[in-house]
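Report on the structure given below.
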Number of protein chains: 2
Amino acid sequence: MKPSVVTIEPNWQLCSDCAVRGSAVCSSLDAVELREFEHLGRRVHFASGETVFSEEDITTLFYNLLEGVMRLYKLLPDGRRQIVGFALPGDFLGMNILGRHNFSADAIGAVTACQFAKVPFGRFIEDRPHLLRRINELAIRELSQARDHMVLLGRRSADEKVAAFLLGWRERLASLKGASDTVPLPMSRQDIADYLGLTIETVSRTFTKLERHGVIEIIHGGISLLDPAKVEALAAA
Amino acid sequence: MKPSVVTIEPNWQLCSDCAVRGSAVCSSLDAVELREFEHLGRRVHFASGETVFSEEDITTLFYNLLEGVMRLYKLLPDGRRQIVGFALPGDFLGMNILGRHNFSADAIGAVTACQFAKVPFGRFIEDRPHLLRRINELAIRELSQARDHMVLLGRRSADEKVAAFLLGWRERLASLKGASDTVPLPMSRQDIADYLGLTIETVSRTFTKLERHGVIEIIHGGISLLDPAKVEALAAA
DNA sequence: CTCCAAAATTGATCTGGGTCAACCGGCTTT
DNA sequence: AAAGCCGGTTGACCCAGATCAATTTTGGAG
């Protein structure tokens with residue numbers, strides 16, 4: 001899905017009662033700074049499937065994801081796709097070198113984000129090293145996840161990949177909505193395949209196999225972990 | 001290789017004529033700061049194969065690589081290994097969250113590094129946001145490389161992986177020692193395989209195939225690119 | 001130099017996951 | 001409610017790369 005209408009509301013919302021106040025970049029700001037910060041960002045919405053930014057685009061905007069899920073991916077010239085991550089509320093997007101995004105980002109379902117213009121945001125950081133430290137912290141956390149994902153892509157079997165994905169995704173949702181054995185999967189099978197370096201058929205077959213063995217149950221819009229311990233054993237961490 | 005003797009010299013060397021002065025973290029420091037910085041670090045040496053730090057070790061030291069090459073890797077419980085990167089002079093190692101390394105690092109051949117104790121280094125950064133910005137820059141650059149590598153691991157064929165590796169490695173060496181079609185490969189075939197998510201046999205066969213086709217020549221301790229354009233075509237960027 | 005061990009290459013064979021193709025609901029459109 | 005579509009599932013078959021098994025080459029050590 002290409003360009004489309006981006007709804008922009010007047011900035012009624014207050015940072016102070018923002019859903020991601022405690023976990024996002026802004027967690028490093030005190031009450032006074034937050035008031036000033038409020039004027040820098042504005043809330044924007046993206047429809048399901050809409051592209052928020054593309055690889056190689058010049059970065060003029062940063063995003064702080066508030067609601068919804070995004071897929072972050074890179075394409076090869078011949079169309080092969082690797083999803084490098086899924087973004088969830090609290091994730092900060094747009095940091096890069098050379099002023100260009102190095103991956104593309106699409107909304108999966110409706111998305112709300114807090115949008116910042118690069119220049120004023122950069123100025124705001126300038127004399128607030130604690131915010132810079134927070135951004136650095138987020139970058140290092142992502143780097144650690146990226147390395148874990150390299151191990152998964154390079155050295156794990158299809159079964160291990162799928163099991164590790166289910167556990168990892170459940171874990172991330174747990175820290176947002178609380179722990180649960182019912183795991184919603186808003187992304188398509190193709191998305192999961194492109195995230196795990198597999199084909200859609202292999203992902204589908206692996207799900208059915210896990211279900212046949214009574215380890216998971218495939219439900220509408222997600223899966224339910226019937227035997228989490230078994231899944232953990234499969235993921236072989 | 002497990003613990004071994006770490007040679008420590010008195011800190012004769014001056015940062016000001018350090019080989020990586022211009023490219024490493026310290027490139028963000030002015031002459032005055034550099035004098036102070038000099039007292040924080042000390043030069044350490046590692047023998048070939050020696051482990052500098054291990055995954056899960058508590059981080060007490062940071063390293064700024066001065067000479068030599070290191071392999072950075074993660075192990076699965078059953079011994080499968082994924083090399084997440086090779087470190088070259090100018091690379092900064094040790095940044096992490098939760099105070100633990102999230103990968104292991106071995107010397108490939110003799111290595112010299114500038115070693116910093118975590119606490120005083122952290123204090124030094126404290127009131128020098130430009131150094132923090134430099135560290136952030138390096139983290140973001142690594143993140144970008146990590147994402148490129150995910151694409152390679154998840155979506156590229158063995159031939160493409162090997163070709164992309166040769167070009168990428170040549171590129172990195174070029175920015176250190178100047179461009180050349182003769183590419184030294186200090187790491188073993190097993191290291192290359194574990195970096196590319198392949199087996200040693202596949203790497204070896206791919207090299208021989210490229211040589212048979214007159215694209216490269218396998219020389220002692222490396223390869224020579226006879227037809228760089230062909231290699232680039234294979235890497236299919 | 002000779003001997004030994006580790007690294008690399010090469011060959012033969014096997015298999016996990018890809019490819020190709022058919023099919024099955026559930027939604028939307030008319 | 002028929003038609004069409006899209007996402008997902010299932011089956012049959014295939015192949016890139018893994019595995020298993022010898023060599024061959026390289027690099028020290030004595």
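List of remarks:
- Residue match in the stretch A:223-235 (condition: open to solvent by less than 30 Å² (accessible area, probe 1.4 Å) and under 29 Å from residue B:148 (Cβ atoms)): yes
- Residue ID - farthest from the other protein chains (Cβ to nearest Cβ), chosen from residues in the stretch A:75-110 that are within 16 Å of residue A:143 (Cα to Cα) and of a type in the set (Gly, Ala, Ser): A:87
- Summed over the stretch B:159-198, residues that are within 11 Å of DNA strand C (Cβ to nearest atom), free of Cβ contacts under 8 Å to residues at least 12 places away in the same chain and open to solvent by 70 Å² or more (accessible area, probe 1.4 Å) total 1.
- Where a residue in the stretch B:133-146 is more than 7 Å from chain A (Cβ to nearest Cβ) and its partner, wherever it lies, is surrounded by fewer than 19 Cβ atoms within 10 Å (Cβ to Cβ), with Cβ under 6 Å and at least six apart: B:134/B:28
- Just one of the numbered conditions (1) in contact with a strand residue (DSSP E or B) (Cβ under 8 Å, 6 or more places away or on another chain); (2) more than 14 Å from chain B (Cβ to nearest Cβ) is not true of residue A:197: (2).
- Every listed requirement among (1) in contact (Cβ under 8 Å) with a residue 12 or more places away in the chain; (2) at the interface with another protein chain (Cβ under 8 Å from one of its Cβ atoms); (3) within 23 Å of residue A:59 (Cα to Cα) is met by residue A:153 save one, (3).
- Residues of the stretch A:193-216 satisfying the condition of being within 18 Å of residue A:106 (Cβ to Cβ) and more than 8 Å from DNA strand D (Cβ to nearest atom): A:193, A:194, A:195, A:196
- Selection within the stretch A:11-46 - open to solvent by less than 50 Å² (accessible area, probe 1.4 Å) and among the aromatic types (Phe, Trp, Tyr): A:37, A:46
- Scanning the stretch B:114-140 for residues that are closer than 21 Å to residue B:52 by Cβ and assigned to a helix (DSSP H, G or I) turns up B:118, B:119, B:120, B:121, B:122, B:135, B:138, B:139.
The values are calculated or read from the model by the stated rules, or taken from the named source; none is laboratory data. Note that the coordinates shown come from a computational prediction; the quantities given were computed from them, not determined experimentally. All Cβ positions, even for glycine, are placed from backbone atoms using ideal geometry, and neighbour counts span all protein chains on display. Remember, those area values only see protein heavy atoms, side chains included, never the ligands or the DNA or RNA. Shrake-Rupley method; radii C 1.70, N 1.55, O 1.52, S 1.80 Å.
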